[in-house]
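The values are calculated or read from the model by the stated rules, or taken from the named source; none is laboratory data. Note that the coordinates shown come from a computational prediction; the quantities given were computed from them, not determined experimentally. In case anyone asks, the SASA skips ligands and DNA or RNA and just uses the protein heavy atoms, side chains included. Shrake-Rupley method; radii C 1.70, N 1.55, O 1.52, S 1.80 Å.
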Amino acid sequence: VSVADRPWFGQAVRSDAFTVGDAQLDRITGRWVAVLALPVHDGAGRLVGVIAAVVDLVNLGSLVVERPSSPAATITLVDGTGTVLTRVPDAARWIGRSAAEGEIGPIVLAGGQGTAQAHGMDGVERLYGYTGVPGTNWHAFAGIPTVDAFAGVRRDLAVGALFTLIALAVAIALAALAGRLIARPVRALADAAAAVAQGDLSARVVAGGFAETAVLARRFNEMLEERGATEAALRASERRLRLSERNLA
């Protein structure tokens, strides 16, 4: 089986250095593989061959990628063309597919390292971190679903909103209670004032509620007591005056 036309072989010969090839279907096994190639030289330094190590990509994940701690997280390794070398979890499903199927693929292939919020090949929106693999044209990126990433924030917001609603309800209840506590003695004062206006000087107000309204009630009752005493003294004086007039007559 000739490998002269295989990209990894041509790359190793041209660069005359160790190379890491892209994903390809192996002509012998028919499986997805990546080839690691090392040029071989004779004593005179002439290139006489290439040693190739063929890596089965189905097994690559367990060799180079640790399983993420979160079951919802993914870790993906792609070559320079964006072809998936391995993906954890469920590597067999994704190997050989193009990362360009998702929004994250072009971002990762643009090079460098960084973070991004984008949809993956499976359509799930994730928060990704990505970087290049030194010594190769491969790229690695890991993602966590935004639903999970922001779950804590949403939970904190929900709890905060709940406590706010509870505090608001308590404040409204206290305001309503305070309103009743204020309104009751004020209404009693109004009723007593109306009774006095109609000539009922026996009307009195119970000194309850807040301190201010209790003081007002006491002052109102004291005013009625004083008025009652004044009118009683006036009536007594009028009686004495009439008796005096009869005696003189």
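Judged by the gyration tensor of its Cα atoms, with axes a ≥ b ≥ c, the range 86-147 is oblate; a/c meets the 1.5 cut and b/c is at least as large as a/b. Once you reduce the range 122-150 and the range 8-29 to the center of their Cα atoms, the two points are 26 Å from each other. Taking the 1.4 Å solvent-accessible surface of the range 20-133 as the whole, the part contributed by carbon and sulfur is 55%.
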